[in-house]
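The values are calculated or read from the model by the stated rules, or taken from the named source; none is laboratory data. Just so it is clear, the model here is predicted, and its values are computed rather than measured. Cβ coordinates were reconstructed from backbone atoms using ideal geometry, including for glycine residues, and neighbour counts include every protein chain displayed. The accessibility values were calculated without ligands, DNA or RNA, using every heavy atom of the protein model including side chains. Shrake-Rupley method; radii C 1.70, N 1.55, O 1.52, S 1.80 Å.
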Amino acid sequence: NGAACIYGAAAGFTIDPNVCTPRGGVKATKRAIGPASISGNELVSIDTFPVDPGDRIVISMTGTGDPDLYVKLGGPAPLGNYDCRPFEEGAEEECRFTVPEPPTTAFIAVHGFIDGTYKVSISHQHD
């Protein structure tokens, strides 16, 4: 990590933000939510966090059954109003995007199309 802090990360290497701020001022956070169970037709709000224009976000989900991932910027992620909804069969879904203007909040929800489980991983990079 020391050399990467000074010279930048080599291909395939991730700088630990607890050790240093990566060259260029990019700060990265990663966290996981779950595993958790969800019933068919249940909607669960699982996380919110502030985001700024230009932030890069990757939200991925794994699990069993057919839970559906919903992401909305600026407000809760209800079934009919979202910024990302992958429409994949099964539990493996991903939302990947760069946040537009203005600064806002990201809301993440999971809807149980049928009974199952989910684990959501969030990667958030901001300058």
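The single condition among (1) farther than 17 Å from Ser121 by Cα; (2) open to solvent by 20 Å² or more (accessible area, probe 1.4 Å) that Gly75 does not satisfy is (2).
Say whether the condition of being over 22 Å from Phe13 (Cα atoms) and either of a type in the set (A, V, I, L, M) or within 15 Å of the chain's Cα centre (by Cα) (or both) is met by at least one residue in the stretch 24-33. Yes - at least one qualifying residue is present in the stretch 24-33. The requirement of being within 13 Å of the chain's Cα centre (by Cα), surrounded by 14 or more Cβ atoms within 10 Å (Cβ to Cβ) and of a type in the set (Gly, Ala, Ser) is fulfilled somewhere in the stretch 100-118, by at least one residue.
Where strands (runs of 3 or more DSSP E) fall entirely within the stretch 1-116, those with at least 2 residues that are modelled with pLDDT under 90 are at 27-38.
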